[in-house]
Amino acid sequence: MLMPLKSHRVSAALSFICLSVLCSCSSDSSTEAVPATYTVRDSAGVEIVESSGPAWVEGEAWTLTEEPLLSIGMVDGPEEYMLYRSVSAIELDDGRIVFGNGGSQDLRFYDSEGTFLHASGGDGDGPGEFRSVGFIWRLGPDSLAVLDFSLLRISILDTNGNFGRSFRLTGSDRELVFPNGIFADGSVLASATLRDDGSRSEAGAFRDLLDHQHFDTEGQFLAKVTTVPGPELYSAAGSDGSGVTTSPRHGLTPWTVTGSDTWFYGSSEAYEVQEWSKDGLLLKVFRLDKERRPTPPEDIAAWEERLRELDSSRRAFWENVPVSSHLPAYERVILDRAGNLWLAEYSVLEEPPVWLVLSPEGHWLGSVAVPPGGRISEIGEDYVLGTWRDEMDVETVRMYGLVKPGRG
């Protein structure tokens, strides 16, 4: 049925890695101080943290266990272990695992060994049902908030999946408002863009702006927070004369994640992340001394080969869509449960996935390699949780141990 490889999670050590600006951690008092890998300065009330390189030295880097501690899913068997488009796996405080399953549009609950417990929800528009189950967020110790991508509706459930209430975010008819996350007090951060009504007059590449907005616990608009750069897009006329808007190859895509009472924004234009208050005050900027990579010639050649396989009308359109000369700095951002920021390096040509880790203070710690074929949904103190597909396209929700040397 399932494939638990270990009965219990490997416990990572608990003490923190030394990140002192003045010296490295060492039991040898004669060891010379390691030069600081970051500087901190103030700019008009905004704290700027700039890292010249990773802080981890040999033996300090975090790693994942070679095999998963837990794996839920199988090729053939009971329906509760057959997964399709599973999303947003998280671990509850009592060790249970919950995630959304897109094939059945429900939430599935498993114990800490990976044994199926029960499901809640189902396909529909009614209370507690979903058309496209999406993000699952914790809301205090005893509640969950679930975003339905299709209905843009947030449902509040208890940690057993029992329905409590639901709401949508209020916005103008000219805006598409998408929830980014929920703060500890239950209020919602969302980003809004103007709806594309087909009236865009100028063809070519452009970059929209995103209005970040704050909503209360019932979805009522509170205030506009700030405006930041949105995704890179390309607009042109399709073969039938209608307007078409698409993302250019390797175009910049921003990422927004919420913490307990602040939120983080990264444009992917540089190795930089900003921390904002709920009311729109820029608090900190974290910068890494790292340059974006040029787009590999092999990737451009592979793209041109794909274009030659298209029919003439589609090829004529896509040949005009620009290919970025440089890859975005990163393609995902996750805030782990300890307050560290993880940035997924932008990868092409089946490159192995690598994540850059920043401490809660914004110091660049180092890099963590993860198994290919996965999409991470949550990172805890001592685990990484997400969905993976193998070479046979079999889907599994896996938990890997996160090993942190020197924390014992």
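Quick note: the coordinates plus some simple rules give every number you see, no bench work behind them. Keep in mind that this is a model prediction, so the values were computed, not measured. With ideal geometry, Cβ positions are generated from the backbone for all residues, glycine too; neighbour counts draw on all protein chains shown.
Quick one: putting +1 on the C-beta of Lys and Arg, -1 on the C-beta of Asp and Glu, what dipole do you get for region 28-155 around its Cα centre, in Debye to the nearest 20?
Using Cβ point charges on Lys, Arg, Asp and Glu, region 28-155 gives about 580 debye.
For every other residue with a beta carbon closer than 14 angstrom to the beta carbon of W318, add +1 if it is Lys or Arg and -1 if Asp or Glu, then tell me the sum.
That sum, taken over residues with Cβ under 14 Å, equals 0.
Using +1 at the C-beta of Lys and Arg and -1 at the C-beta of Asp and Glu, which of G266, P54, L157 has the Cα lying farthest in the positive direction of the dipole of the chain?
G266
At what distance in nm do the modelled label points of E47 and W303 sit from each other, each positioned 7 Å from its Cα along Cα→Cβ?
The modelled label-to-label distance comes out at 3.9 nm.
Given P372, L139, F116, which one lies farthest toward the positive end of the charge dipole of region 38-403, if we put +1 on the Cβ of every Lys and Arg and -1 on the Cβ of every Asp and Glu?
Most positive-ward Cα: L139.
Using +1 at the Cβ of each Lys and Arg and -1 at the Cβ of each Asp and Glu in the chain, identify which of A302, Y84, M74 lies farthest towards the dipole's positive end.
So the residue furthest toward the plus end is A302.
Taking the Cα atoms of the chain alone, what are Rg (to one decimal) and Dmax (as a whole number) in Å?
Both quantities, over Cα of the chain: 22.5, 75 Å.
Search the structure for amide H atoms under 5 Å from the amide H of Y330, placed 1.01 Å from N in the peptide plane, and list their residues when 5 or more places away or on another chain.
Correct list: Y346.
Taking the Cα centre of region 38-403 as origin and charging only Cβ (+1 Lys, Arg; -1 Asp, Glu), how large is the dipole, in debye to the nearest 20?
That gives region 38-403 a dipole magnitude of about 980 debye.
If Lys and Arg each add +1 and Asp and Glu each add -1, what is the summed charge of the other residues whose beta carbon sits under 11 Å from the beta carbon of E218?
Net charge in that neighbourhood comes out at +1.
Can you list the residues, at least 5 places off or on another chain, whose amide H is less than 5 Å from the amide H of E395, using H built in the peptide plane?
Distant-sequence amide H within range of E395: L83.
Count charges around V46 for me, please; just the other residues with Cβ under 14 Å from its Cβ, Lys/Arg as +1, Asp/Glu as -1.
-2
Using amide H atoms built 1.01 Å from N in the peptide plane, name the residues 5+ places from L70, or on other chains, whose amide H lies under 5 Å from its own.
Amide H neighbours of L70, under 5 Å, 5+ apart: L5, M399.
Between A369 and E58, what is the label-to-label distance in nm when each label sits 7 Å out along the Cα-to-Cβ direction?
Between A369 and E58, the label points sit 1.7 nm apart.
Taking just the alpha-carbon atoms of region 269-405, what radius of gyration and Dmax come out, in angstrom?
18.3, 56
Using Cα-Cα distances under 8 Å and only pairs 6 or more residues apart, what relative contact order does the chain have, in percent? Walk me through the numbers before you get to the answer.
Working: 974 pairs, mean separation 73.1, N = 408.
RCO, the chain: 18 percent.
Please work out the C-alpha center-to-center distance from region 91-153 to region 327-349 and express it in whole Å.
Here the answer is 24 Å between Cα centres.
What list of ³J(HN,Hα) couplings, whole Hz, do you get for region 64-71 from phi and the Karplus terms 6.51, -1.76, 1.60, once you set θ to phi - 60° and write x for glycine and proline?
9, 4, 4, 10, x, 6, 8, 9
May I ask you to evaluate 6.51 cos²θ - 1.76 cosθ + 1.60, the Karplus curve with θ = phi - 60°, for each residue of region 293-300 and list the ³J(HN,Hα) values in order in whole Hz, giving x for glycine and proline?
Listing the rounded values in order: 7, x, 5, x, x, 5, 5, 4 Hz.
Could you give me the ³J(HN,Hα) list for region 108-117, computed from phi with Karplus coefficients 6.51, -1.76, 1.60 and θ = phi - 60°, whole Hz, x at Gly and Pro?
Using θ = phi - 60°, the values come out as 10, 10, 10, 7, 5, 9, x, 7, 4, 9 Hz.
Using 7 Å Cα-to-Cβ label points, what is the L176/R314 separation (nm, one decimal)?
2.1 nm
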